[in-house]
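Here is the structure we will look at.
The values are calculated or read from the model by the stated rules, or taken from the named source; none is laboratory data. Predicted model only: the values in this text are computed from it and were never measured. Please note: Cβ atoms are built from the backbone with ideal geometry, for glycine as well, and neighbour counts cover all protein chains shown.
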Amino acid sequence: MKKLFCFCGGTGRAARRPERASMADWHYLVIPIEHIPTVNDLRRNTEDHQLVSHMVAVGRDLLNRDAPNSEEHRFGFHQPPFNSVDHLHLHCLALPFMPRFSYCLVAHSFCADRLIRPSPLILGRSPDAAAIGAPGETDFVYTPLLHNPKHPYFYSVALEAVSVGGKRIQAQPELGYVDRDGNGGMVVDSGTTFTMLPSDTFARVADEFARAMAAARFTRAEDAEAQTGLSPCYHYSPTDRAVPPVALHFRGNATVALPRRNYFMGFKSKEGRAVGCLMLMNVVGNDDDDDDDGGGPAGTLGNFQQQGFEVVYDVDASRVGFAPRRGGGPCGTRSRAGELVRAYVDRVQLWFNVASLSQLPGVQSTDQ
């Protein structure tokens, strides 16, 4: 065979490198010596078919040797543009995967011409790999997941308090637990725009925010409140630095300090004046009497408040983590779209079924 190959990068859980932290028990790479840029460059000939068959056989032998008790073996190539290196390499994994994933929501914009960067979903994200982030942005804070017996698909956490400026406002008790009927807790939801708080908690947070804004001599913009449905709103300039800070305090001593853009957004009113509004909302009807639909969460952590953070769901350890991401790492603004998922995609559905080589682009399978 013309194209010889070499083996590189076998990693078990105890020996894997942080920047290549695999979520499988064992993860090997089998790499041809001759340069073949990507799977799309394989040709429809016997030589390439034999090469890929041999790569699969080597990977299978290694996994049979080192992971004989694994549930399943998975083999595949990343398809461009989701390949991190322009040299063909076969991923060989011993399952099961560990249930961890994360995402990074880029800064929100309502302007279509500014929606130019993707928000990466990172499947197979290990908390141990968090040290890849830029300096000062590497530490996750974790809060336990709350079990929901009626709605197990919810990722619920316990919100204990909200800080506005220097004042800590205790959250309503139902934000701290989920009962057997599935009521309570705060759902971490990437599909809901704004954070929703139950009536009493929202009112006390909004009142304290209004008090702090009045003390800083901001004037109320009631026309903007009528226009947007948000409250309170104020006449303000992006250069103003007196807007009070807001932080969320979750169970487990997990404090998430929100950047100002995550809770106070500036825009132009109908009159053309610069205004800003508190980007939190009241859960309308949450305090109604008996609810026959089986109940639900007491609050929701929306995607507007999650922007600029990496949010990791460590289902195995039953916890959710938050870490700010403003520079490098998997969520960095300097990364191109293909690189955003490069080292962390172990489960994403880009695998070719190598057991049937006819499904590989450019490779024609022949009966053996």
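Summary table below
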| item | result |
| --- | --- |
| Number of positions in the range 310-324 that are farther than 13 Å from THR255 by Cα and among the hydrophobic types (A, V, I, L, M, F, W, C) | 4 |
| When residues of the range 302-327 are limited to those that are over 19 Å from LEU145 (Cβ atoms) and in contact with a Ser or Thr (Cβ under 8 Å, 6 or more places away or on another chain), the one modelled with the highest pLDDT | PHE304 |
| Filter result (more than 24 Å from PHE309 (Cβ to Cβ) and aliphatic (A, V, I, L, M)) within the range 170-214 | ALA203, ALA210, MET213, ALA214 |
| Number of the condition not met by PRO81 [criteria: (1) loosely packed, with under 15 Cβ neighbours inside 10 Å; (2) touching a strand residue (DSSP E or B) at 6+ places or on another chain (Cβ under 9 Å); (3) part of a loop (DSSP other than H, G, I, E, B)] | (2) |
| All positions within the range 203-212 that are touching a residue at least 40 places away in the same chain (Cβ under 8 Å) and not hydrophobic (A, V, I, L, M, F, W, C) | GLU208 |
| Residue within the range 59-70 that is modelled with pLDDT of 80 or more, assigned by TED's automatic domain parsing to the domain that holds ASP316 and in contact with an Asp or Glu (Cβ under 7 Å, 6 or more places away or on another chain) present | no |
| Residue count for the range 212-226, restricted to those that are part of a helix (DSSP H, G or I) and surrounded by 15 or more Cβ atoms within 10 Å (Cβ to Cβ) | 5 |
| The listed residue being assigned by TED's automatic domain parsing to the domain that holds THR193, surrounded by 19 or more Cβ atoms within 10 Å (Cβ to Cβ) and on the phi < 0 side of the Ramachandran plot, out of LEU42, LEU105 | LEU105 |
| Selected residue [at pLDDT below 95, within 24 Å of GLY229 (Cβ to Cβ) and assigned by TED's automatic domain parsing to the domain that holds LEU121] from GLY191, GLY182 | GLY191 |
| Residue count, the range 26-39 (criterion: surrounded by 14 or more Cβ atoms within 10 Å (Cβ to Cβ) and in a loop (DSSP other than H, G, I, E, B)) | 2 |
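Here's the yes/no breakdown for (1) touching a His at 6+ places or on another chain (Cβ under 8 Å); (2) in the same structural domain as GLY302 (by TED's automatic domain parsing); (3) without any contact (Cβ under 8 Å) to a residue 12 or more places away in the chain:
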{"site": "PRO144", "(1), (2), (3)": "no, yes, no"}
{"site": "TYR153", "(1), (2), (3)": "no, yes, yes"}
{"site": "ALA161", "(1), (2), (3)": "yes, yes, no"}
{"site": "ALA214", "(1), (2), (3)": "no, yes, yes"}
{"site": "GLU225", "(1), (2), (3)": "no, yes, no"}
{"site": "SER231", "(1), (2), (3)": "no, yes, no"}
{"site": "TYR236", "(1), (2), (3)": "no, yes, no"}
{"site": "PRO245", "(1), (2), (3)": "no, yes, no"}
